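Undergrad: Questions regarding the structure given below will be posed in turn.
The values are calculated or read from the model by the stated rules, or taken from the named source; none is laboratory data. Here the structure is a predicted model, which is why all the values come from computation and not from measurement. Quick reminder, even Gly has a Cβ in these numbers, built from the backbone with ideal geometry, and neighbours come from all protein chains shown. We work out accessible area using only protein heavy atoms, side chains counted, and drop any ligands, DNA or RNA first. Shrake-Rupley method; radii C 1.70, N 1.55, O 1.52, S 1.80 Å.
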Amino acid sequence: MNHKSIEELGFFQVLQQIKSMSHAPEGVKVLEDLPFLDTQNELALRQNQVAAAIKLLSGADRLILHSFPEIQETLSCLDDPTRGAEGYELLDVARYIRSAEHLYRHVETMQDPDGYFAVLNPLLGEGLPLELVALSSQIEETLDDSGQVRNTHPRISALFRQVDAAKNERSRFCSQFIRSNPTAVQTDQEAMRDGRLVIPVRSDRRSQVQGFVSSSSSSGNTVFMEPYTLVEMNNSVMMAQNQILVEIAKILRELNSSARALRAQLKALSSRIGGLDAMFSIALWAQETNATATDLQTHQCNLEQARHPLLGKKVVPISISLKDGVRAVVISGPNAGGKTVTIKTVGLFALLNQYCGFIPAKEGSSLPLFDNLFTDIGDEQSIEEELSTFSGHMKQIGYILRNMSERSLVILDELGSGTDPVEGSAIARSVLEYCLEKAKLTLVTSHHGVLKQFAYAKKEVINASMEFNEHSHMPTFRVIQGLPGESHAIDTARSMKLPKVVISRAEQYLGSEAVQIASIIKDLEEKRKELENQEEQTRKRYYTLQQEIKQLQLKELRVRQREAQLKEEQTTELARFMSAKRKELENLVKTMREGELDKAKRKQVKAYVQSLEDRVQDEQALLEQSEEELSAFEAEDPRELSEGMEVLCGNAKRLGKILKKQGKNKYLVAIGSMRMTLDGKQLQTPKEQQKTVLVSYHSSTPRPKLVLDLRGYTLEEALSSLEEQIESCLVHGVSTFSVIHGYGDGILSKGISSYLEQNRSIQGFRFATPEDGGMGKTYVQL
């Protein structure tokens, strides 16, 4: 990619954000050297590696990264046999290995049945060598947190004991000497000079002490002497201490030798850690900026809610979607309206996409893959090179036109500006035409009307504009595709408080034609906003309807569950009741068969029948209660039924009028000339907005019979009469009637039952009660 363009688009600043997330110096170096990829397979691999890193860093069992200290200088020391690493440097090596061990152990313990983390295997290698873990343990057991050899080291602790013994013997001698020579010593406490104990002796009595004078006080009244015996003792202490230093040097040399033997493994580990840390740094940046993976299967430019990562909280998301065949976009609009930010966002996201496959935009965004990217943004004026603003732009554009290819992205800001408008427009159009022929995609910002007209004339070029608030006279920074934008120069001048007379003259000089064009653009803008509002309202309505559907489905599910629960409870209860009554009936029949039928036995039979009737009444009451609960549960709005109210009756929703209430949730309703008692759940109140249409009709069909007697009929005659009866009931609004078919051979009974089962107008039928004809009569419900 072109270095100048990368810098102009602010990629290095974003890269600095990514590098700040690094935990290893090697990761920073890898991030700096990471190339832009322009092939789908390579980019997909890197994108998947970042996605796997994001998954490792997410969730309750997420990976907590440890810091990796700088060890490259230490590795250089290990390469040179004449040099040796210090203790603190070796300790950094141990800490580096421990951080790597923590990383590898976490990855190994992660559950990965689908092989999601397999893409990290090339970076992880074959795992952490056990030799390095052993080296880390050896260093940590030998050195303390400051990098010094531990005093508890077996080879050091004995030497420290020898030093302590020599010091104790020396201290005892000094104390005894001072007590033995009270007139010669200046004080009763020995002194320390250059790591050696000395005796403070009076100058005038130094001849009384046999030994060496090491120094004297500033006043000259005291000399510090080492008696000959003390000299030997001081030498013993010094030699013991030197022996410790020698042993420490040996231990450090041994640690250096152990590390030097594994320097190849250490270098390989640091290389793998660099690659892993680079992916984790990108993953952390993606989490920080809410970046999402781009769709690599779609090669269109489709950015949804794209947020420039350098603008922070003040960023205004932009959306831009280019269809197949579009190879250039001309963006126009007011100054400081966001044109340059828009094209820089697209360019920066193209770089980020080919760098890591993640961009701060809505999921599903996509971008083409480019082999190079060229920009001409900003002021190219150069005093040193004697370039004006226009000539500076021409120099850069010339370089772009000579080096771009059919897979390049070209971004040109304020194309054709800085010179005569007519000539600048001509050059701008010519450059754009050339880019259409040679480049993959070209983004241009301009105020030239020639380019806006050119975009309308070419199907592979589209106009886009930056939205402008007509009320506040301020830009909104939204991208509007398909519509050219006005420069709003006069509005901007007015907001900058130029004199009114200047604004007025400028509007006069602008000319009526330009005003008409501006008016047309404004009308188009208003229509676009109106369509957007309608679309938003439709979207909200659709969402509301979806929520209502979900609520109704949930309510229906609850009703069904409640209904199933009630049926199950009733079935279980009735099963127990039937079992008990069956046994009671068997005992009653057995009693009736024994002896004569007397008053006591008849009383038992009546009691049995009464218990059945009581049970039926109880079940009917429970059923009505359950139906009321279900009706109340599924009712969308409460309703009050009162006398004189018009209602819709039954499934046919025939219009009726409530005459009066008869019992609990029972109403006497007049439907035409008929009067019927209906349950409240069979009645519905007409909605206010519905208009009732009354249809008057006359029919030659005779009125139905409440009891249809078919005894003595053949089956064919009986079914024909039954069909006429049903038709007559439907015409005259009769919902129930009875059919007498008798017992006989059962031919009529079976044939009528079969016919009623197949007739869609029949809601239900059953045999009559024993006292009303039993199995020789059938009740029919329409």
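Undergrad: Per residue, how many Å² of accessible area does the chain show with a 1.4 Å probe?
TA: Per-residue accessible area for the chain comes out at 58 Å².
Undergrad: Going through the cross-link list K339/K459; K19/K339; K550/K657, which pairs have a Cα-Cα distance over 24 Å in this structure?
TA: On the way: K339/K459 22 Å; K19/K339 29 Å; K550/K657 35 Å.
Among K339/K459; K19/K339; K550/K657, the Cα-Cα distance tops 24 Å for K19/K339; K550/K657.
Undergrad: Give the lysines reachable from K555 as a straight Cα distance under 23 Å; neighbours fewer than 8 places away on the same chain don't count.
TA: Filter leaves K540, K567, K681, K687.
Undergrad: By how many degrees, 0 to 90 and rounded to 10, does the Cα axis of helix 512-593 deviate from the longest principal axis of the chain?
TA: Between the helix axis and the principal axis of the chain, the angle is about 60 degrees.
Undergrad: So how exposed is T591, as accessible area in Å² (1.4 Å probe, rounded to 10)?
TA: 50
Undergrad: Let me ask something additional. Compute the acute angle (0 to 90°) between the alpha-carbon long axis of helix 154-180 and the principal axis of greatest extent of the alpha-carbon atoms of the chain; round to the nearest 10°.
TA: The angle comes out near 50 degrees.
Undergrad: So what's the angle, to the nearest 10 degrees on a 0 to 90 scale, between helix 263-289 and the longest Cα principal axis of the chain?
TA: Roughly 50 degrees, rounded to the nearest 10.
Undergrad: OK, next. Tell me what the chain gives for mean residue ellipticity at 222 nm when only DSSP H runs of n ≥ 4 count, each as -39,500 (n - 2.57), the sum divided by the residue total, rounded to 500 deg cm²/dmol. Working shown, then result.
TA: Values: 21 runs with 403 residues, N = 782.
Mean residue ellipticity at 222 nm (helix-derived): -17500 deg cm²/dmol.
Undergrad: Just the Cα atoms of the stretch 699-759, one point each, no solvent: what log10 I(q)/I(0) does Debye give at q = 0.16, 0.28, 0.29 Å⁻¹?
TA: -0.49, -1.27, -1.33
Undergrad: Can I ask one more? Measure out, as a whole number of angstrom, how far apart the alpha-carbon centroids of the stretch 46-93 and the stretch 145-216 sit.
TA: Distance between centres, Cα-based: 48 Å.
Undergrad: Just how large is the dipole of the stretch 232-322 about the Cα centre, in debye to the nearest 20, putting +1 at every Lys and Arg Cβ and -1 at every Asp and Glu Cβ? All intermediate terms of the calculation are to be shown ahead of the outcome.
TA: Numbers: 9 positive and 7 negative charges, 35 e Å.
Dipole size: approximately 160 debye.
Undergrad: Provide the solvent-accessible area of K567, counting protein heavy atoms only and rolling a 1.4 Å probe, rounded to the nearest 10 Å².
TA: Surface accessible to solvent at K567 totals approximately 120 Å².
Undergrad: Could you work out the per residue convex hull volume over the alpha carbons of the stretch 121-181, in cubic angstrom? Can you show the working numbers first?
TA: Values: hull volume 4.6 nm³, N = 61.
Each residue corresponds to 75 Å³ of Cα convex hull volume.
Undergrad: Based on alpha-carbon centroids, what's the gap between the stretch 704-782 and the stretch 297-350 in Å, whole number please?
TA: Each part's Cα centre sits 77 Å from the other's.
Undergrad: Determine the equivalent ellipsoid of the chain by diagonalising the alpha-carbon gyration tensor, then write out the semi-axes as square roots of 5 times the eigenvalues, largest first, rounded to whole Å.
TA: The three semi-axes for the chain are 93, 57, 26 Å.
Undergrad: Keeping every protein chain in place, order I740, I726 by accessible area at 1.4 Å, biggest value first, i.e. largest first.
TA: Working: I740 35, I726 5 Å².
Largest accessible area first, the list is I740, I726.
Undergrad: What Kirkwood radius, in Å to one decimal, follows from the Cα pairs of the stretch 39-83? If you can, show how the numbers build up before the last one.
TA: Values: mean 1/r = 0.0714 Å⁻¹.
The Cα-based Kirkwood calculation yields 14.0 Å.
Undergrad: While we're on this one: Tally the DSSP beta bridges in the chain and give the antiparallel ones as a percent, rounded to 5.
TA: Working: 51 of 72 bridges.
Around 70 percent of the beta bridges assigned by DSSP in the chain are antiparallel ones.
Undergrad: Label-point separation (nm) for Q243 and V502, each offset 7 Å from Cα along Cα-to-Cβ?
TA: Simple spin-label model gives 9.5 nm for this pair.
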